[in-house]
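Visitor: To start, I am sharing the structure in question, which I have written as structure tokens.
The values are calculated or read from the model by the stated rules, or taken from the named source; none is laboratory data. These figures come from a predicted structure and were not determined experimentally. When we count neighbours, we look across all protein chains shown, and the Cβ atoms used for this are built from the backbone with ideal geometry, even at glycine. For the accessible areas, the whole protein counts, side chains as well, though only heavy atoms, and no ligand, DNA or RNA atoms are used. Shrake-Rupley method; radii C 1.70, N 1.55, O 1.52, S 1.80 Å.
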Amino acid sequence: MIKVRTRIIILLPVLFTSFILSGCWDTNEPERMVYVQGIGIDFKDQKYTVYAQIVNTSTTAKTEAMGGPTPTKLVVGHATGNTINQAMFNLYSSSQRRLFWGHLSFIVLTEKALKQKNIQAVIDQFDRYRETRYSIHFYVTRDPLTEVLRSLPPLEMSTYLSRLGDPQAAYEQRSVIRPLNLRELLIALNEPPHEAVIPYIRLTKGTWETETKPVRIIEFSGAALLTKNDLLESIPLKKFRGLRWTNNDLKREEITLTNNLSPISLVVTKLKIKKKSLIHAKTIRFHITVDVTTTLSEIKRPEQLPKIKQEAEKLLSAEIKDTYLRGLQHNTDILRLSEVVYRKNLKAWKEVERNGKVPLTADSLKKITVNVKIIHGEKQKMKPTL
């Protein structure tokens, strides 16, 4: 009898606990939700228009050839409102299922959406919402957002592998401009010089074709210079070539040498940059040192390696200087030299800063030192194959 009572005493708490368990009655089943991969934001006539790219998860990661009609891979919806949040709620009115934002991977903004402090509204909206993450990538474009968001990767790839959703894959092959996510954008705008460089994208024209027709896909075509209050300028790639040589995250980039040489191609595989501030009274100047490791990728006729090295160093130094001067034309510290003083000598920075930046002139960048090291010639030696 005592054993029976003991068992009852032990089982009763377990029994009562089972009644208060919530179970899974309030969960949202994955197959019953709609997943937003990317959005576009435009601003016109004092109203925001939000474009949502919704992916068909049933076509994701499928490699087998299937008969029948090809399923739709994505759908783009849009709605307008006085605020971004109102536009999103207006979009909910026509959504057939709940929209899930936890897989949002990129945001594309028009130039108008970046002006008049609109970037503050965009960041505030997606920084507050509990489902979104800090890994969201940001882009700027002039092309119609519906066409940008409808652009699909070629060869029946998953929409998750697009240039916008997964920029790191292409960046590792050519590091022309560094992708920027929400975390990095917040850091850039909150710390000196309070400016950010966002990749500028466009749809290609006549670059890629299938066996039946040309296709328009996304390419990185430049950079947008941004403060927390406004868009300063959008610059094409050819006008800021030196920016890539000041990026410690560079993975792989190409150098073409033609000056006093037969056409020679070097591939940069490693880069290390140091920025040093030289402070005298209230005058601040800077010295940039860039150490570059390269491989010889193409050479048509025999050339002396010291000459190749010298020409490469001259080219990189000239591109960095040119990019710095172009930044001054747009009143921006594109090489983030103000941050060097802010990190290393806060007292000197406080004495000279204006609106969070060190006043810069053409003479502020006193010296650029580039050291190029050619380590090998790919599969061949340091001379032409034939």
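Visitor: Give me the number: length gained by fully extending Thr361 to Ile375, i.e. 0.36 nm times residue separation minus the C-alpha to C-alpha distance, one decimal in nm.
Guide: So the chain would gain 1.4 nm between Thr361 and Ile375.
Visitor: Please work out which option in (i) 1.01; (ii) 0.99; (iii) 1.10 gives Rg/Rh (Cα atoms, Kirkwood Rh) calculated from these coordinates, and answer with its label.
Guide: (iii)
Visitor: How far apart, in nm, are the 7 Å Cα→Cβ label points at Lys270 and Tyr134?
Guide: According to this spin-label approximation, the distance is 3.0 nm.
Visitor: I would also like to ask the following. When the accessible area of the chain is computed with all protein chains present and a 1.4 Å probe, what percentage of it is carbon and sulfur?
Guide: Of the solvent-accessible surface of the chain, carbon and sulfur hold 52 percent.
Visitor: Which stretch or stretches of the range 145-164 have amide N atoms under 15 Å from the point lying 7 Å from Glu211's Cα along the Cα→Cβ direction?
Guide: 155-156
Visitor: Anyone know which of Asp45, Asp291, Asp166 comes out most mobile in the 10 Å Cα GNM of the chain?
Guide: Fluctuation is largest for Asp45.
Visitor: If you don't mind, there's one more thing I want to ask. Keeping all protein chains in place, calculate the accessible area per residue for the chain (probe 1.4 angstrom), answer in Å².
Guide: 58 Å²
Visitor: With the cut-off at 22 Å, tell me which of the pairs Lys115/Lys275; Lys321/Lys373; Lys300/Lys373; Lys112/Lys251 have Cα atoms farther apart than that.
Guide: Lys115/Lys275; Lys112/Lys251
Visitor: Can you classify the range 167-271 as rounded, prolate or oblate using the Cα gyration tensor, where a ≥ b ≥ c are the square roots of its eigenvalues, rounded means a/c under 1.5, and otherwise it's prolate if a/b beats b/c and oblate if not?
Guide: Oblate.
Visitor: Suppose a student asked you for the relative contact order of the range 213-319, using Cα pairs under 8 Å spaced at least 6 residues apart; what percent would you report?
Guide: 22 percent
Visitor: Pull up all non-local amide H partners of Ile136: gap of 5 or more, or a different chain, and H-to-H distance under 5 Å with H placed in the peptide plane.
Guide: For Ile136, the qualifying residues are Leu182, Arg183.
Visitor: On to the next question. Residues with amide H under 5 Å of Gly222's amide H, sequence separation 5 or more or different chain, H placed in the peptide plane at 1.01 Å from N; which?
Guide: The list, which skips near neighbours in sequence, is Tyr200, Leu237.
Visitor: Among all the lysines, which ones have a C-alpha under 22 Å from Lys117's C-alpha, if same-chain residues fewer than 8 places away are not counted?
Guide: Lys44, Lys47, Lys228, Lys357
Visitor: Sequence neighbours fewer than 8 away in the same chain don't count; with that in mind, list the lysines whose C-alpha is under 22 Å from Lys205.
Guide: Lys205 reaches Lys213, Lys238, Lys239.
Visitor: Let me ask you something else. Any lysines with Cα under 17 Å of the Lys73 Cα? List them, leaving off those in the same chain fewer than 8 positions away.
Guide: Counting by Cα, and skipping residues close in sequence, Lys73 has these lysines nearby: Lys62.
Visitor: Work out, step by step, the length gained on full extension between Gln120 and Leu325: first 0.36 nm times the residue separation, then minus their alpha carbon distance; give nm to one decimal.
Guide: Additional length available on full extension: 71.0 nm.
Visitor: With the cut-off at 1.5 for a/c, could you classify the range 148-212 from its C-alpha gyration tensor as rounded, prolate or oblate?
Guide: Prolate, since a/c reaches 1.5 and a/b exceeds b/c.
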